[in-house]
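The values are calculated or read from the model by the stated rules, or taken from the named source; none is laboratory data. Bear in mind that the values here come from a model prediction, so they are computed numbers and not experimental data. Please note: Cβ atoms are built from the backbone with ideal geometry, for glycine as well, and neighbour counts cover all protein chains shown. Calculation scope for accessible area: heavy atoms of the full protein, side chains included, ligands and nucleic acids excluded. Shrake-Rupley method; radii C 1.70, N 1.55, O 1.52, S 1.80 Å.
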Amino acid sequence: QSLDQRFGVATEQSLINTYQHSWITATDLDNIKSAGFNAVRVPVWWGQFYPLGNISDSGWRPDAFDVLDWLVSEAGQRGIYVIIDMHGVVGGQSTSDDTGQQNNNTYWTDGTAQGNTAFMWWQIAHHYSGNPTIAGFDLINEPTGAPDNQAVITALNGLYQSVRSADPNHIIIMEGTWGNWDWSMLPPPS
């Protein structure tokens, strides 16, 4: 938002695009392969799919998958699997800056944010359904800001259903709440 206000939306998107294209390179993937690894976990956030000022079904970014598609293609050519890790849901799942916006933890109480996140996951799952390079989808990274364990379980179940409606086959990863972890923080497999 600061970039939008300072430089305008077009320049903000250009700067973010430059950052995304520089974040990981073909040389990085070659080094990963040379080191003997066969998977990468790629953090994404809602701002890669929605414009910052228009989070809605009609606001989907036309370039939403450009960088991720490049990464999936390049990783696949090297025999490296990709795990798509949702580091920042719409509204934020904690107050951490690695969710895309520090001190924004409204996902748990905002039905619109939850719906937009489910729609985003549906789009991602639909886009990569059947892609053999995708190892799986990590639905919410470190959901530390939830009011309780049941909120996490409810959110994960809703996102699971959204993904499964578009992609019945890829692995789905569900993280418990961060901190005093125990098995009750994850839903039963059913």
task = Can you pull the one-decimal nm distance between simple spin-label points at Ser22 and Arg41, each 7 Å off the Cα toward Cβ?
result = 2.6 nm
inquiry  = Check which residues have an amide H placed less than 5 Å from Ile172's amide H, if you skip close sequence neighbours.
reply    = Phe137
query = Which shape class applies to region 13-79: rounded if a/c is under 1.5, otherwise prolate when a/b exceeds b/c and oblate if not, where a ≥ b ≥ c are the square roots of the Cα gyration tensor eigenvalues?
reply = prolate
ask   = Which shape class, rounded, prolate or oblate, goes with the chain when its Cα gyration tensor gives a ≥ b ≥ c as root eigenvalues, a/c under 1.5 marks rounded, and past that a/b bigger than b/c marks prolate?
value = oblate
query = Rounded to the nearest 500 deg cm²/dmol, what is the calculated helix-only ellipticity per residue at 222 nm for the chain, with -39500 (n - 2.57) per DSSP H run of length n ≥ 4?
reply = -13000 deg cm²/dmol
message = Apply the Karplus curve 6.51 cos²θ - 1.76 cosθ + 1.60, θ = phi - 60°, to the phi angles in region 27-42 and return the couplings in whole Hz, x for Gly and Pro.
response = 5, 4, 5, 4, 5, 4, 5, 4, 6, x, 7, 10, 8, 10, 9, 9
key: His127 accessible area, 1.4 Å probe, all protein chains in place, Å² to nearest 10   = 80 Å²
message = Let me cross-check Trp23: its accessible surface, 1.4 Å probe, with only protein heavy atoms counted, in Å² to the nearest 10?
response = 120 Å²
inquiry  = For region 126-179, what does the relative contact order come out to in percent, with C-alpha contacts under 8 Å and a separation of six or more?
reply    = 59 percent
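Using a probe of 1.4 angstrom, how much of the accessible area of the chain is carbon and sulfur, in percent?
Carbon and sulfur together cover 52 percent of it.
Shape of region 57-169 from its Cα gyration tensor (a ≥ b ≥ c, root eigenvalues): rounded if a/c is under 1.5, otherwise prolate when a/b > b/c, or oblate?
On the way: a/c = 1.76, a/b = 1.65, b/c = 1.07.
It comes out prolate by the Cα gyration axes.
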HN-Hα J in Hz across region 52-68 - Karplus 6.51, -1.76, 1.60, θ = phi - 60°, x for Gly and Pro = 4, x, 8, 8, 6, 4, 7, x, 4, 5, x, 9, 3, 9, 4, 6, 5
remark   = Sorted by chain and number, the residues with a modelled amide H under 5 Å from that of Asp85, at a separation of 5 or more or across chains, are Val42, Val44, Asp138
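In Å², what does the accessible area per residue of the chain work out to with a 1.4 Å probe? Before the final figure, lay out each step's value.
Numbers: 9800 Å² over 190 residues.
For the chain, the solvent-accessible area averages 52 Å² per residue.
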task = Enumerate the calculated ³J(HN,Hα) couplings along region 74-91 in order (Karplus 6.51 cos²θ - 1.76 cosθ + 1.60, θ = phi - 60°), each rounded to whole Hz, writing x wherever the residue is Gly or Pro.
result = 5, 5, x, 5, 9, x, 10, 7, 10, 9, 8, 10, 7, 7, x, 6, 4, x
inquiry  = Once R0 is set to 25 Å, what does the formula 1/(1 + (r/R0)^6) return for the Cβ-Cβ distance between His126 and Ala151, expressed as a FRET efficiency to the nearest 0.05?
reply    = 0.45
